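K.L.:
First the structure, then my questions, so here it is.
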Amino acid sequence: MATQTGATKKMAADMLDALLDAITGELMKGGSVTLTGFGTFRISNRAARMGVNPATGERIKIKASKAAVFKAGKKLKEAVN
């Protein structure tokens, strides 16, 4: 980022940290963040479910949780294909 923008490495790191903090803050509030052409970050609710401990074979209950998910945008998909 620093090379492409002409900023110092410290400034680039600060800008990246600010962006990540903004995305994290919005997700914590339950919102979503869209970076046009790149993709969308959102929260997905995972239901409680039964799992298996691979070491013992014992069935265990996995609690419900939230997970951050990313869906690639059209431009990103095209760029990598």
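Rule-based calculations on the coordinates, nothing more; no lab input. Keep in mind the model is a prediction, meaning the values are calculated, not measured. Ideal geometry is used to build each Cβ from the backbone, glycine not excepted, and the neighbour counts take in all protein chains shown.
K.L.:
DSSP loop chymotrypsin sites (Phe, Trp or Tyr not before Pro) in the range 1-75 with at most 15 other Cβ atoms within 10 Å of their Cβ, which ones?
P.N.:
Passing both the DSSP loop test and the Cβ count: Phe38.
K.L.:
Rounded to the nearest Å, what's the spacing between the alpha carbon centres of the range 38-67 and the range 1-19? Just the number, please.
P.N.:
Computed from Cα coordinates, the inter-centre distance equals 35 Å.
K.L.:
Another question, if that's okay. Which of the aspartates and glutamates could a cross-linker bridge to Lys66, judged by Cα under 20 Å and excluding same-chain residues fewer than eight apart?
P.N.:
Asp21, Glu26
K.L.:
Where does the chain land at 222 nm, in deg cm²/dmol rounded to the nearest 500, when only DSSP H runs of n ≥ 4 count, each adding -39500 (n - 2.57), divided by all residues?
P.N.:
About -11500 deg cm²/dmol.
K.L.:
In whole percent, what relative contact order does the chain give with Cα contacts below 8 Å and a gap of six or more residues? Don't skip to the answer; put the middle values down first.
P.N.:
Details: 97 pairs, mean separation 19.1, N = 81.
Dividing the mean separation by the residue count of the chain yields 24 percent.
K.L.:
Report the charge-dipole magnitude of the range 32-81 in Debye, nearest 20, computed about the Cα centre from +1 at each Lys and Arg Cβ and -1 at each Asp and Glu Cβ.
P.N.:
Roughly 160 debye, rounded to the nearest 20.
K.L.:
Using only Cα atoms, tell me the angle between helix 9-28 and the longest principal axis of the chain; keep it within 0 to 90° and round to the nearest 10.
P.N.:
40
K.L.:
Still on this structure, I have one more. Can you tell which of Gly30, Ser44, Ala55 lies farthest toward the positive end of the dipole of the chain, using +1 and -1 charges on the Cβ of basic and acidic side chains (Lys, Arg; Asp, Glu)?
P.N.:
Towards the positive end, the residue furthest out is Ala55.
K.L.:
Please compute the volume of the convex hull spanned by the alpha-carbon atoms of the range 32-81 and report it per residue in Å³.
P.N.:
Output value, Cα hull per residue: 98 Å³.
K.L.:
Now, a different point. Using a Förster distance of 35 Å, how high is the FRET efficiency between Thr36 and Ser65, based on the Cβ-Cβ distance and rounded to 0.05? All intermediate terms of the calculation are to be shown ahead of the outcome.
P.N.:
On the way: r = 29 Å, r/R0 = 0.83.
Efficiency at R0 = 35 Å is approximately 0.75.
K.L.:
Pick from Lys61, Lys71, Lys29: which is most flexible by mean-square fluctuation in a GNM of the chain where alpha carbon atoms under 10 Å apart are linked?
P.N.:
Lys61
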